1. Would you check the accessible area of Glu133, probe 1.4 Å, heavy atoms only, in square angstrom rounded to 10?
2. Leaving ligands and nucleic acids out of the surface, order Leu140, Leu165 by accessible area at 1.4 Å, largest first.
3. For Lys23 and Met92, what is the calculated FRET efficiency with R₀ set at 41 Å and r taken between the beta-carbons, to the nearest 0.05?
4. Sorting His177, His45 by accessible area (1.4 Å probe), largest first, what list results?
5. Run the quick spin-label model on Cys2 and Glu129: label points 7 Å from Cα toward the beta carbon, then report their separation in nm to one decimal.
6. Which value, in debye to the nearest 20, gives the size of the charge dipole of the chain about its Cα centre, when Lys and Arg are +1 and Asp and Glu are -1 at the Cβ?
7. For the pair Asp32 and Arg182, how long in nm is the line joining their label points, each one 7 Å along Cα→Cβ?
8. For the pair Leu165 and Asp54, how long in nm is the line joining their label points, each one 7 Å along Cα→Cβ?
Amino acid sequence: VCSSDLQYAYYNTLGVELRAKGKLSEAVVAFDRAADINPTRPTPHLNEAMTSFDRQLYAAADQQFLEAVALGLPDAERYFIDFAALYRQRNMNPKAIGLLYEGRKLFPQSYLIAANLGSALLAAERYEEGVPELVRALGLQPSSTMALNNLGLFYLKQNDYGRALDFWNRSLSIEPHQPQIR
């Protein structure tokens, strides 16, 4: 193991420890140092994104997250969904939608991103965008219970009970153990 790899690991681990202690500014410095030592690794950028999110520096968080993705973050599709979920948990649906649109550009064949984007758009009452996105998700993955359930919910709110039931029955035929849908 070369000394730069050890230094990289030291600073990245130090950043994680500092973040856990609530020393967020110091953690960012450590993650920046790790990224300087090994600029091809996505991990310190992801860690810094999470730390910036903790600090409510959302533009910086998004920038670092997208940098991690550009550097080959493993399972980046899942991270887009998880990162957008953090925004939704904080009632920051427009930020979640923006991030999921970025994810759709990078992973246009991802039914998970399409289903989450459609769900976020419906929650924001952007129906003209949300419904087609959920339909697109179903085209990519016809067994997506998330897309089926969200379309059912949309049609329920439109008082189109027959269509709502059609989507929910399809969902239940795929996964019968959904008490909230029953």
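The values are calculated or read from the model by the stated rules, or taken from the named source; none is laboratory data. Predicted model only: the values in this text are computed from it and were never measured. Cβ coordinates were reconstructed from backbone atoms using ideal geometry, including for glycine residues, and neighbour counts include every protein chain displayed. Side chains are part of the model used for accessible areas, which takes the heavy atoms of the whole protein and leaves out ligands, DNA and RNA. Shrake-Rupley method; radii C 1.70, N 1.55, O 1.52, S 1.80 Å.
1. Estimated to the nearest 10 Å², Glu133 gives 10 Å².
2. If we order Leu140, Leu165 from most to least accessible, we get Leu165, Leu140.
3. The formula returns an efficiency of 0.95 here.
4. His177, His45
5. 4.4 nm
6. 380 debye
7. Going by the 7 Å Cα→Cβ label model, 5.5 nm.
8. Taking the two extended label points, one gets 5.1 nm.
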